[in-house]
Amino acid sequence: MSFIETVLDVPSYGWKNLNGSLSKPSASQLFAEFRKKLNVFANRKNWLSFFSWFCMLLLAPFLVMFITMQVQHFSIMYILIAFVYGMIMMGTHGTIWYHRYCTHHSYTFKNKFWRFITANLVLKLIPEEVYVISHHVHHALSDKPGDPYNARGGFLYCFLADVNHQQISKNLSGADYERTAKMLRHTGITANSYAAYKKWGTVSKPFTVIAGTLANWAFWLAVFYFAGGLYLALAVFAGAFVWGMGVRTFNYEGHGKGKNKQVEGTDFNNADMSVNQWWPGIVAGEWHNNHHLYPSSARSGFLPWQIDLAWYYIKALKWLGAVTSCRDAKQQFIKKYIRPSSQQP
């Protein structure tokens, strides 16, 4: 098998059946795998998946307190703040940072300062390693066995994927580990040595990830508390929690819930089941079918009505000189998919 097929940790139920079809586990199998790979006490190599969900657990009280305060002192303004922060700011940042930069390196920062600012524009919830490596596999094996969030596997298959399917293999050779670490190098991650990888099971260093995340949280908690008091901080952190849970459902929806829901004239990539959805597109610039057509493009809103907030941010940095180069496939898309049809008699 190729490197891309072996870089992720294979779940206990496997990627495929003996006949090559997708191995579709039951809900009980999925939850058993989830519990196993979250158990940091049984295996310290589970630390990254444990920490990712521990962050969600830490955020949950903010949501509870926010709802409680809404019941006592209803405010449409703070509901709107939570909505804008969670759906638009967190969503757009996910596209800017994790998707277009960390995974596809579709633009280049002038220096580490601007990379750091962009990485920490919002509350940090997802370790880069969890997202990046698995997303490369997703593109290589989209909707096929081995796709870590294959929509054909069902809702839970996708929702629990960051723990069950997105961790890197714990048994990489030295050469394959170097290839894996190289996929993350431009993001600023200081990689473990191969010996440390064998100990911790990750490219990322535990102390660096945990300390960086806690510092990010402390900074934003202080900023919002001093800017608007406890209620504002609760609204923002509650919105972040909702996004953190919701983003785990995206690929299930973004690939038609495992069924072909593509629309002619809107979805031009027929190599997989990805679809352009108006909601993720408008709030986060995630026109998913377009993205699967041109993964390395820093823009995925190609049609006039396809708002792309992530692209606007990248272009603004380019104008400021903070981004030195970026790829834009819009003209390529128009030439291949729009002009031929408009030229027909």
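Each reported figure results from applying straightforward, stated rules to the coordinates on display, with no laboratory input. Note that the coordinates shown come from a computational prediction; the quantities given were computed from them, not determined experimentally. Counting neighbours? That spans all protein chains shown, and the Cβs are built from the backbone with ideal geometry, glycine included.
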(Q) When only alpha-carbon atoms are used, what values of Rg and Dmax, in angstrom, describe the stretch 74-228? (A) 17.3, 57
Q. Counting only Cα, what are the radius of gyration and maximum Cα-Cα distance Dmax of the chain, in Å?
A. 20.4, 68
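What shape does the stretch 228-325 take by its C-alpha gyration tensor, where a ≥ b ≥ c are the square roots of the eigenvalues and a/c under 1.5 counts as rounded, a/b above b/c as prolate, and the rest as oblate? Display every interim value, and only then the final one.
Values: a/c = 2.60, a/b = 1.25, b/c = 2.08.
Oblate, since a/c reaches 1.5 and b/c is not below a/b.
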Q.
Show me, for the stretch 92-97, the HN-Hα J-couplings you get by feeding each phi into the Karplus relation (A = 6.51, B = -1.76, C = 1.60, θ = phi - 60°), rounded to Hz, glycine and proline as x.
A. 5, 4, x, 5, 4, 8
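Can you sort 123, 18, 320, 309 from fewest to most other Cβ atoms within 10 Å of each residue's own Cβ? Could you put the intermediate results ahead of the total?
Numbers: 123 26, 18 7, 320 10, 309 21.
Listing 123, 18, 320, 309 from fewest to most nearby Cβ atoms yields 18, 320, 309, 123.
Rounded, prolate or oblate, given the Cα gyration tensor of the stretch 234-280, with a/c below 1.5 counting as rounded? Write down the numbers at each step before the final one.
On the way: a/c = 4.51, a/b = 2.61, b/c = 1.73.
Prolate is the answer for the stretch 234-280, as a/c is 1.5 or above and a/b outweighs b/c.
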Q) Ranking 31, 50 by Cβ neighbours within 10 Å, fewest first, what do you get? A) 31, 50
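For the residues 121, 172, what sequence is obtained by ranking on other C-beta atoms within 10 Å, fewest first?
Working: 121 16, 172 22.
With the fewest neighbours first, 121, 172 line up as 121, 172.
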Q. Beyond 22 Å, what share of the Cα-Cα pairs of the stretch 111-189 remains, rounded to the nearest whole percent?
A. 35 percent
Q: Helix by helix through the chain, keep the DSSP H runs that span 30 Å or more along the axis on Cα and average at least 0.0 on Kyte-Doolittle, and give those back in order.
A: 47-72, 206-246
Q: Specify the residue with the greatest mean-square fluctuation among 76, 126, 282, computed from a Gaussian network of the chain linking alpha-carbon atoms under 10 Å apart.
A: 76
**Q.** Alpha carbon centroid spacing (whole Å) that separates the stretch 127-170 from the stretch 261-326
**A.** 21 Å
(Q) Taking the Cα centroid of the stretch 195-244 and of the stretch 1-49, what is the distance between the two, rounded to the nearest whole Å? (A) 26 Å
Q. What does the charge dipole of the chain about its Cα centre add up to, to the nearest 20 debye, if the Cβ of each Lys and Arg holds +1 and the Cβ of each Asp and Glu holds -1?
A. 600 debye
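How much length is gained on full extension from residue 16 to residue 185, taking 0.36 nm per residue of separation minus their Cα-Cα distance? Please list the in-between numbers first.
Details: separation 169, 0.36 × 169 = 60.84 nm, distance 3.09 nm.
Result: 57.7 nm gained on full extension.
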Q: Would you work out which of 274, 256, 244 lies farthest towards the positive end of the dipole of the stretch 193-298? Charges go on Cβ: Lys and Arg +1, Asp and Glu -1.
A: 244
Q. Cα to Cα, under 13 Å, and not fewer than 8 places away if on the same chain: which aspartates and glutamates meet these conditions relative to residue 259?
A. 143, 272
